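**Student:** Before anything else, here's the structure in question.
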Amino acid sequence: MSFFSIDQTVLSHSMKLCFAGAGCDLQTNSVDLARALELLSIAADPLRAGRFEMRVVVDESSVEAVGEPHFRGLHHVVTASFGSTNLFVFDILRRTLSARVSGVVARDDLFWKEKLIPITLGVLGAAMGLVPVHCACLEWEGDGLLVAGVSGAGKSTLSVALSENGFNYVSDDWTYISQRQGSIVAHGTSAPVKLLPDAVQHFQSLERHSLQVSMNGELAYEVDIAEAFGAQVERECQPRWLVFLERIQEAGADFTPMSSAEARSYLNSSVERLPPQLSEAGAMRERTIQSVSTLPCWRFRYGGTPQFAANELREFVVTRRQEVYA
Amino acid sequence: MTSEPRWHPDLLRRFVATPYVFSSGDDINQLRVESNDLEIALGVRNSDIIHRKESRTGGLLCRLIRDMVGPVGGSEISMLSDGPLRILQQGRGTVLIHDRERAELLGFVSRRVPVEELVSSLIPRLLGAQPEEKIDSTAFTKK
């Protein structure tokens, strides 16, 4: 049996970090991990959503790489294991992440960037006023466009097409929303954009990349959007519109207004149900969802290529901006 | 799209029903056992360890889920302790958490783990009532 006491271990590397609007007080015994996380951190912002503590003990005697993910949760605690050595324990009430990982995982920069940080924000976010919503987010001259849609609706391919069409990229699948001085702010992480195999028909540069099995078992391209497509990446923006994607068979596109009740229903459906022990976090989350659902909402039905849809959306945003700023 | 909220599937298994409930003791010292598995509920209720005063202060809520869908590989036990939380992991499919401040013992028990092992070995280790033999913490500098 192995026993790891974080309390009794000297975690000599401490730093204050910031991920997607959430402050993180890191303590670890690994200089490699501290450096890797520092590179992922964005500039500290005194108005960020909230803080959490991350305490990671790195077991250099273990060489276990990242294994199959396994998640479980009860009451205020969520566990995530990636093999028998790599265990993460999220305490939502106390806003802490306690972990024990192998030396190999501590130095696996991609794991922290693409998996662990987004997972942490998703799990602890509710307690910090940071709400994960199942939307892509793009930014045009300071104004944010949230693009919602069920899995397979084309959020990621459209995000790439929009970022090739003048928009700055914030996120393609999950966006983290916080409230700041009465406004809502959308944050992205550095997670890769995930494109299904047929996306290669629309984006030839994907031919340089290979398909991988993603965390949900799907075969997909998982690529850094700046590297693969030269996209300009923004870490956060202020959303102005919410658009729901709906693909249709016929070629063409139209926009129809949607009620905030419909928007709220969708946003609620994309967040994890919380147990009664987390009722306060649930209420805070509900307030943020309510704010997002009061954005002007539109249903965007389109048939055609992502590039065609991106052109339509660009025109839509330009027109809406003219109305707002006229 | 309807106006009724639709939820994600319960991927974390947070909302597994626990129809087998036993409770004893007064309000302050109440011992409550909840499980989706009658054998676990009975085994824990009847075990000595959770009744011992030195294992707990005040009451204790035990919520233990027999995990029929989780992974089953491995048998190595590892423990992690951080502040009020103490976590025991056995193999890939069993994880037990003791929150000392909240007096809660929560966990998922792999379908391969017999109740006897749970109550005579895993829970006592988690509650600190069994010596932690072969402790391997040599990788760290102690305070």
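**Student:** Scan region A:162-202 for residues that are among the hydrophobic types (A, V, I, L, M, F, W, C) and either more than 18 Å from A:Leu245 (Cβ to Cβ) or in contact with a helix residue (DSSP H, G or I) (Cβ under 6 Å, 6 or more places away or on another chain) (or both) and jot them down.
**Tutor:** The answer is A:Leu162, A:Ile177, A:Ile184, A:Val185, A:Ala191, A:Val193, A:Leu195, A:Ala199, A:Val200.
**Student:** Quick one: which of B:Ile40, B:Ile50 is at pLDDT below 90, on the phi < 0 side of the Ramachandran plot, away from chain A (no Cβ under 11 Å) and crowded, with 20+ Cβ neighbours inside 10 Å? It would help to see each step written out before you state the result.
**Tutor:** Details: B:Ile40 fails: at pLDDT below 90.
Exactly one residue qualifies, and that residue is B:Ile50.
**Student:** Let me ask something else about it. With (1) within 21 Å of A:Leu121 (Cα to Cα); (2) of a type in the set (Gly, Ala, Ser); (3) buried (at least 19 other Cβ atoms within 10 Å of the Cβ); (4) out of contact with any Cys (no Cβ under 6 Å at 6 or more places or on another chain) as the list, and A:Ser171 as the residue in question, which single condition is left unmet?
**Tutor:** (4)
**Student:** Output the number of residues of region A:242-300 satisfying the condition of being within 14 Å of chain B (Cβ to nearest Cβ), closer than 23 Å to B:Leu11 by Cβ and not hydroxyl-bearing (Ser, Thr, Tyr).
**Tutor:** Total satisfying the criteria: 16.
**Student:** Sticking with this structure for a sec: Within region A:104-146, how many residues are of a type in the set (Gly, Ala, Ser) and modelled with pLDDT of 95 or more?
**Tutor:** Qualifying residue count, region A:104-146: 3.
**Student:** Could you tell me which numbered condition B:Arg112 fails, if it satisfies all but one of (1) more than 18 Å from B:Glu34 (Cα to Cα); (2) crowded, with 21+ Cβ neighbours inside 10 Å; (3) in contact (Cβ under 8 Å) with a residue 24 or more places away in the chain?
**Tutor:** For B:Arg112, the failing item is (2).
**Student:** For region A:93-122, give me each residue that is farther than 18 Å from A:Ile6 by Cβ and within 13 Å of chain B (Cβ to nearest Cβ).
**Tutor:** Within region A:93-122, A:Ile119, A:Gly122 qualify.
**Student:** Given the conditions (1) under 30 Å from A:Ala43 (Cβ atoms); (2) within 14 Å of chain B (Cβ to nearest Cβ), which single one is not true for A:Gln232?
**Tutor:** Exception for A:Gln232: condition (2).
**Student:** If B:Thr94 satisfies all but one of (1) among the polar types (S, T, N, Q); (2) farther than 21 Å from B:Leu12 by Cβ; (3) more than 7 Å from every other protein chain (Cβ to nearest Cβ), what's the number of the condition it fails?
**Tutor:** All conditions pass for B:Thr94, except number (2).
**Student:** Have a look at A:Leu121, A:Leu116, A:Leu130 and point out the one that is more than 23 Å from A:Asn268 (Cβ to Cβ) and surrounded by 24 or more Cβ atoms within 10 Å (Cβ to Cβ).
**Tutor:** Answer to the selection: A:Leu116.
**Student:** If you don't mind, another one. Need the failing condition index for A:Glu53 against (1) under 20 Å from the mean Cα position of the chain (by Cα); (2) under 23 Å from A:Pro192 (Cα atoms), just the number.
**Tutor:** With (1) under 20 Å from the mean Cα position of the chain (by Cα); (2) under 23 Å from A:Pro192 (Cα atoms) applied to A:Glu53, the lone miss is (2).
**Student:** Among the candidates A:Pro306, A:Pro239, A:Pro275, A:Pro296, single out the residue that is outside the structural domain of A:Gly122 (by TED's automatic domain parsing) and more than 21 Å from A:Ser159 (Cα to Cα).
**Tutor:** Selected residue: A:Pro275, the only one of A:Pro306, A:Pro239, A:Pro275, A:Pro296 that is outside the structural domain of A:Gly122 (by TED's automatic domain parsing) and more than 21 Å from A:Ser159 (Cα to Cα).
**Student:** Report, by residue number, each residue of region B:104-117 that is under 17 Å from A:Val89 (Cα atoms) and aliphatic (A, V, I, L, M).
**Tutor:** Answer for region B:104-117, where residues must be under 17 Å from A:Val89 (Cα atoms) and aliphatic (A, V, I, L, M): B:Leu105, B:Leu106, B:Val109.
**Student:** Moving to a separate point now. Taking only region A:1-19 into account, find how many residues are within 13 Å of chain B (Cβ to nearest Cβ) and not polar (S, T, N, Q).
**Tutor:** The total comes to 8.
The values are calculated or read from the model by the stated rules, or taken from the named source; none is laboratory data. These numbers were taken from a predicted model, which means no experiment stands behind them. Glycine also receives a Cβ, built like all others from the backbone with ideal geometry; neighbour counts cover every protein chain displayed.
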